[in-house]
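Here the structure is laid out as structure tokens; the discussion comes afterwards.
The values are calculated or read from the model by the stated rules, or taken from the named source; none is laboratory data. Note that the structure is predicted; figures quoted are calculated from it, not measured. Here the Cβ is made from the backbone with ideal geometry for all residues, glycine too, and neighbour counts use every protein chain on show.
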């Protein structure tokens, strides 16, 4: 097993993706959590903020009010990166077959709650229109998300049960310069660069 210490810095603001409505979260998203413990953790973290704006997506908060992202969000980014890079000839990802199982079973991120390191910067807000073609015609709605500004950092540990997966993880993290992390990433929101990546054992 190899362990990587990783630091990333966001090049664009990153959007929160947790619902700001406990009932919606509990009934729909909470029911999708892999186990009861993680569901309870997520609902508790979202419930810290006393003043709520229904329909707004936010960052979950630690007990002291500090925003964070979950470990599985980083792993979800890795799955998306591998899925995209599998189609690019010459990449290490193009040789991976069951990439989702690889991330699920062989690659782990710690800690569970990864704090946003903001160095005195404040959370903001991003409002944008969402357009959809439906059987009833074109629909437009307004989406609103809490944001962490450009320059926000994350620091976390990645454990690879298979030593050779370290090169895959590095490739996936480099993809963050092209496609972002969190909501509205197709627009470039949440793009990041790796500050450092070090094998610590």
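For segment 178-195, the set of residues classified as at pLDDT below 95 and outside any loop (DSSP other than H, G, I, E, B) consists of 185, 186, 187, 195, listed by residue number. Of all residues in segment 79-93, those that are outside any loop (DSSP other than H, G, I, E, B) and either in contact with a helix residue (DSSP H, G or I) (Cβ under 6 Å, 6 or more places away or on another chain) or modelled with pLDDT under 90 (or both) total 6. Of the strands (runs of 3 or more DSSP E) lying entirely inside segment 1-78, the ones with 1 or more residues being at pLDDT 95 or above and within 17 Å of the chain's Cα centre (by Cα) are found at 2-10, 68-70. Selection of segment 81-99 for residues being surrounded by fewer than 15 Cβ atoms within 10 Å (Cβ to Cβ) and in contact (Cβ under 8 Å) with a residue 40 or more places away in the chain yields an empty set. Just wondering, is there one or more residues in segment 141-162 that are at pLDDT below 90 and exposed (fewer than 15 other Cβ atoms within 10 Å of the Cβ)? Within segment 141-162, one or more residues are at pLDDT below 90 and exposed (fewer than 15 other Cβ atoms within 10 Å of the Cβ). Filter segment 94-117 down to the residues that are over 21 Å from residue 163 (Cβ atoms), in contact with a helix residue (DSSP H, G or I) (Cβ under 9 Å, 6 or more places away or on another chain) and part of a loop (DSSP other than H, G, I, E, B) and list them by number. Passing the criteria: 111, 112.
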